[in-house]
Amino acid sequence: MRFSRWLNSLGFIEFLALLILLLAAVYLANLSFTIFKNWYYNKQKGNPFAEEIHKSPILFAAITLPYFLILFGIFYRHLHALLNKIFQ
């Protein structure tokens, strides 16, 4: 099944569960990036030749994807059941 057909075949509950997991993964990726950036700047301690760390979209997606897959594997069934009880 193609990705577009799979996405169109999702119901409201499945879509909402995936959206919540994606938002949680984005939050965790942003938090991880911020923690790493602060750790790096503390290690440099004002070094004028230290390189700047920039958040690129590819790097952000590379950090977000593993978080999403881990959260999906752990929480999808529970979140789907919870949302199913709430909305039905």
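The values are calculated or read from the model by the stated rules, or taken from the named source; none is laboratory data. Nothing here was measured: the structure is a model prediction, and the numbers come from that model. Because the Cβ atoms are built from the backbone with ideal geometry, glycine has one as well, and the counts that use them run over all protein chains shown. To get the accessible areas, we keep the full protein, side chains included, count just its heavy atoms, and leave off ligands, DNA and RNA. Shrake-Rupley method; radii C 1.70, N 1.55, O 1.52, S 1.80 Å.
Listed values, structure above:
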| quantity | calculated |
| --- | --- |
| Among the candidates 67, 41, residue that is in a helix (DSSP H, G or I) and more than 18 Å from the chain's Cα centre (by Cα) | 41 |
| Those residues of the range 1-38 which are outside any helix (DSSP H, G or I), aliphatic (A, V, I, L, M) and surrounded by 10 or more Cβ atoms within 10 Å (Cβ to Cβ), in sequence order | 10 |
| The range 50-88 - residue that is farther than 17 Å from residue 13 by Cα and hydroxyl-bearing (Ser, Thr, Tyr) and, of those, least open to solvent (accessible area, probe 1.4 Å) | 64 |
| Lone qualifier among 81, 50, 61, 29 - being among the small types (Gly, Ala, Ser) and in contact (Cβ under 8 Å) with a residue 24 or more places away in the chain | 29 |
